[in-house]
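Trainee: This structure is in structure tokens; I'll ask about it shortly.
The values are calculated or read from the model by the stated rules, or taken from the named source; none is laboratory data. In this text, all values refer to a predicted model and were calculated from it rather than measured experimentally. A quick note on method: Cβ atoms are made from the backbone with ideal geometry, for glycine too, and the neighbour counts reach across all protein chains shown. The area values use the complete protein model at the heavy-atom level, side chains included, leaving out ligands, DNA and RNA. Shrake-Rupley method; radii C 1.70, N 1.55, O 1.52, S 1.80 Å.
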Amino acid sequence: MAKEIPYKIYLEENEIPDKWYNVRADMKNKPAPLLNPGTHEPMTADELEAVFCKELVKQELNDTDAYIEIPQEIRDFYKMYRPSPLVRAYCLEKALDTPAHIYYKFEGNNTSGSHKLNSAIAQAYYAKQQGLKGVTTETGAGQWGTALSMACSYFDLDCQVYMVKVSYEQKPFRREVMRTYGAKVTPSPSMDTEVGRRINAEFPGTTGSLGCAISEAVEAATSQEGYRYVLGSVLSQVLLHQTIIGLETKTALEKYDIVPDMIIGCAGGGSNLGGLISPFAGELIRGEKNYEIIAVEPMSCPSLTRGSYVYDFCDTGKVCPLAKMYTLGSGYIPAPNHAGGLRYHGMSSIVSQLYDDGYIKARSVKQTEVFDAAQRFARVEGILPAPESSHAIKVAVDEALKCKETGEEKNIVFGLTGTGYFDMVAYQKFNDGIMDDYCPTDEEIAASLSNCPKI
Ligand SMILES: *Cc1c(COP(=O)(O)O)cnc(C)c1O
């Protein structure tokens, strides 16, 4: 007889994975290597180690080991907020009157409010192991900076965050969470770095951009003894750390003999999606199982659905290595969508390759429809979702409603990456009916893509 499925499927502490899963080991077509922006040759470990921590460079370049041991200190930290629950959305199913079974993996149950802590703690650990004094990074909306501040304070590392000036001013609460955890938060562009001074002189009064903050953080790391730069998404090492999400999800489903038909995640830089789907994509690649995997992105920043699969700069300042990815061009400025974490012009090279090989599908959705789904979810499931996460909710709801028409009892699993308490200005706009649905024209995208390097 089938076991009755509880509202929350919890794992035991000793069921937290002790290894991350590196899907690149199973991929037949490996993601293309990072290239030196000057020579267009593959980046060597030595070159990367000038900017990134040594052990993280090893992980970045490793496309052969399927499993990578999670150090005990990181597992101890994970125990504070993991395993995260896999929730059966009984209340949402009832509200939708659907025969589908909906499950979501909830990663918002920590102070940073998102999955980003899973990688922040790993990156801080390796920096500490290397004997570094501290790390630098950029943050846009603030989720990554918050997670990294928490991780650095745990390992007693200095944390310097360059926060896009407009967010620094408009999101004072996230800034204060970071400062509470001991981080130094600097509005970007600042007068502390050469690139910041140059941008301030060239564009007086500018409120900054993520690309500019990245350039400042990289300069700060390379100009101070004992510092390295860390990044919260896009890189393969970050996706690797996030596979803790997918591995736990798989174990929880297997406990109750649940086989998912669909797995859905929102895609900004691709780390939570890649982490959630990796173990399932591995089975797909090895020909063992069949799942439908869907990446959801905003219509205003449609890298997978409307971008090109080419080498591009990872930052507007063009200081970082080149990555082959689905991109809209590094100069692409997305309309001020409220899902700050999904406004990146490119996509993880692992997710890009899996998408190009047909293992993943992608869908882009309108902002107002996303908030409509978010509100619906909040009212019945009791969690106020982050705007980013709500992209996945929107497609899960759409699919569940399709099942209502066809009568199919599909198992739908989606990633609920975080909570939206710091996004109330966006919810306010939605509640006031003044939220828009910007969709870029083909000409805009083509113009931006024409600036990709020719390789
Ligand atoms: C940063 C963020 C995302 C998007 O980042 P990915 O690297 O694509 O996972 C999604 N949801 C939340 C809550 C975030 O903070």
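Trainee: What nm distance separates the two modelled labels at Ala66 and Thr180, each placed 7 Å from Cα along Cα→Cβ?
Mentor: About 4.3 nm separates the two model spin labels.
Trainee: If I take R0 = 41 Å and measure r between the Cβ atoms of Cys439 and Glu15 in this structure, what FRET efficiency does the formula 1/(1 + (r/R0)^6) give, to the nearest 0.05? Walk me through the intermediate numbers first.
Mentor: Numbers: r = 43 Å, r/R0 = 1.06.
So, using R0 = 41 Å, E works out to roughly 0.40.
Trainee: Taking the convex hull of the alpha carbon atoms in the chain, what volume per residue do you get, in Å³? Write out the running numbers ahead of the final one.
Mentor: Details: hull volume 63.1 nm³, N = 455.
Spelled out: Cα convex hull of the chain, divided by residues, is 139 Å³.
Trainee: Could I ask something else about it? Remind me, what semi-axes does the range 299-455 give for its equivalent ellipsoid, largest first in whole Å, using sqrt of 5 times each Cα gyration tensor eigenvalue?
Mentor: Working: eigenvalues 173, 77, 37 Å².
Largest first, the range 299-455 gives 29, 20, 14 Å.
Trainee: I would also like to ask the following. In whole Hz, what ³J(HN,Hα) sequence does the range 151-165 give by Karplus (6.51, -1.76, 1.60; θ = phi - 60°), x for Gly and Pro?
Mentor: Going residue by residue, I get 5, 5, 5, 5, 9, 6, 10, 6, 10, 10, 10, 8, 10, 3, 3 Hz, with x marking Gly and Pro.
Trainee: Oh, and also: Give the carbon-plus-sulfur fraction of the accessible surface of the range 260-415 in %, rounded to a whole number; probe 1.4 Å, heavy atoms of protein chains only. Can you show the working numbers first?
Mentor: On the way: 2090 of 4690 Å².
Taking all protein chains in place, the range 260-415 shows 45 percent carbon and sulfur surface.
Trainee: When the distances between all Cα atoms of the range 191-282 are binned every 5 Å from zero, what whole-number percent does each bin get?
Mentor: 3, 12, 16, 14, 11, 11, 9, 8, 7, 5, 3, 1, 0
Trainee: Something else: Would you please give the residues with an amide H less than 5 Å from that of Ile294, counting only those at least 5 places away or on a separate chain, with H modeled from the backbone geometry?
Mentor: Ile263, Ile264, Gly265, Lys361
Trainee: Here's something else I'd like to know. In deg cm²/dmol, rounded to 500, what helix-only [θ] at 222 nm does the chain give when every DSSP H run of at least 4 residues adds -39500 (n - 2.57) and the total is split over its residues? Spell out each step's value before the answer.
Mentor: Details: 19 runs with 190 residues, N = 455.
So the helix-based figure for the chain works out to -12500 deg cm²/dmol.
Trainee: Here's something else I'd like to know. On the first, second and third principal axes, largest extent first, how far apart are the outermost C-alpha atoms of the range 281-386 in Å?
Mentor: 44, 41, 20
Trainee: Hey, which lysines would be in cross-link range of Lys454, C-alpha to C-alpha under 17 Å, not counting anything within fewer than 8 residues on its own chain?
Mentor: Counting by Cα, and skipping residues close in sequence, Lys454 has these lysines nearby: Lys318, Lys324.
Trainee: In nanometres, what is the gap between the two model label sites at Phe155 and Ala95, each 7 Å from Cα along Cα-to-Cβ?
Mentor: Once both label points are built, they end up 3.9 nm from each other.
Trainee: Could you derive backbone 3J(HN,Hα) for the range 318-328 from the dihedral phi with the Karplus parameters 6.51, -1.76 and 1.60 (θ = phi - 60°), listing whole Hz in sequence and x where the residue is Gly or Pro?
Mentor: 6, 9, 7, x, 7, 10, 8, 7, 6, 9, 9
Trainee: To continue, here is another question. Round to a whole angstrom and tell me the spacing of the C-alpha centers of the range 75-96 and the range 244-292.
Mentor: Between the Cα centre of the range 75-96 and that of the range 244-292, the gap is 15 Å.
Trainee: Still on this structure, I have one more. On average, how much accessible surface per residue is there in the chain, in Å², for a 1.4 Å probe, leaving out ligands, DNA and RNA? Mind dumping the intermediate values first?
Mentor: Numbers: 17910 Å² over 455 residues.
Result: 39 Å² per residue.
Trainee: Taking all protein chains as present, what is the carbon and sulfur share of the accessible area of the range 153-248, in % to the nearest whole number, probe 1.4 Å? Walk me through the intermediate numbers first.
Mentor: Details: 2040 of 3980 Å².
Its accessible area is 51 percent carbon and sulfur atoms.
Trainee: From zero up to wherever the largest Cα-Cα distance of the range 169-243 sits, split into 10 Å bins and tell me the percent of pairs in each.
Mentor: 17, 39, 38, 6, 0
Trainee: In addition: Take the solvent-accessible surface of the protein heavy atoms, probe 1.4 Å, and return the percent of it on the range 24-85 that carbon and sulfur atoms account for. Mind showing how you got there, number by number?
Mentor: Working: 1620 of 3120 Å².
Roughly 52 percent of what the probe reaches on the range 24-85 is carbon or sulfur.
Trainee: Within the range 134-155, which residues have the backbone N less than 17 Å from the label spot 7 Å out from Lys54 along Cα→beta-carbon, could you tell me?
Mentor: Only 134-135 pass the distance filter.
Trainee: Now for a different question. log₁₀ I(q)/I(0) of the range 214-346 at q = 0.18 Å⁻¹, via Debye over equal Cα point scatterers, no solvent, to two decimals?
Mentor: Computed log10 I(q)/I(0) values: -1.06.
Trainee: What per residue convex hull volume, in Å³, comes out for the range 406-455 when only alpha-carbon positions are used? All intermediate terms of the calculation are to be shown ahead of the outcome.
Mentor: Details: hull volume 14.6 nm³, N = 50.
Given the Cα convex hull of the range 406-455, per-residue volume reads 292 Å³.
Trainee: Continuing with this model, one more query. For each pair in Lys8/Lys402; Lys30/Lys54; Lys19/Lys429; Lys128/Lys429; Lys58/Lys366; Lys30/Lys165, compute the distance between the two Cα atoms and list the pairs where it is over 32 Å. Before the final figure, lay out each step's value.
Mentor: Numbers: Lys8/Lys402 25 Å; Lys30/Lys54 22 Å; Lys19/Lys429 42 Å; Lys128/Lys429 42 Å; Lys58/Lys366 39 Å; Lys30/Lys165 37 Å.
With Cα atoms farther than 32 Å apart: Lys19/Lys429; Lys128/Lys429; Lys58/Lys366; Lys30/Lys165.
Trainee: With θ set to phi - 60°, apply the Karplus curve 6.51 cos²θ - 1.76 cosθ + 1.60 along the range 54-63 and write out the HN-Hα couplings as whole Hz, x wherever there is a Gly or Pro.
Mentor: 4, 5, 6, 5, 4, 5, 4, 8, 7, 10
Trainee: Would you please give the FRET efficiency between Val425 and Glu41, computed as 1/(1 + (r/R0)^6) with r the Cβ-Cβ distance and R0 = 45 Å, to the nearest 0.05?
Mentor: Values: r = 45 Å, r/R0 = 1.00.
In this case the efficiency is close to 0.50.
Trainee: Only bridges whose two residues both fall in the chain count here: according to DSSP, what percent of them are antiparallel, nearest 5? Mind dumping the intermediate values first?
Mentor: On the way: 18 of 51 bridges.
If I count the DSSP bridges inside the chain, around 35 percent turn out antiparallel.
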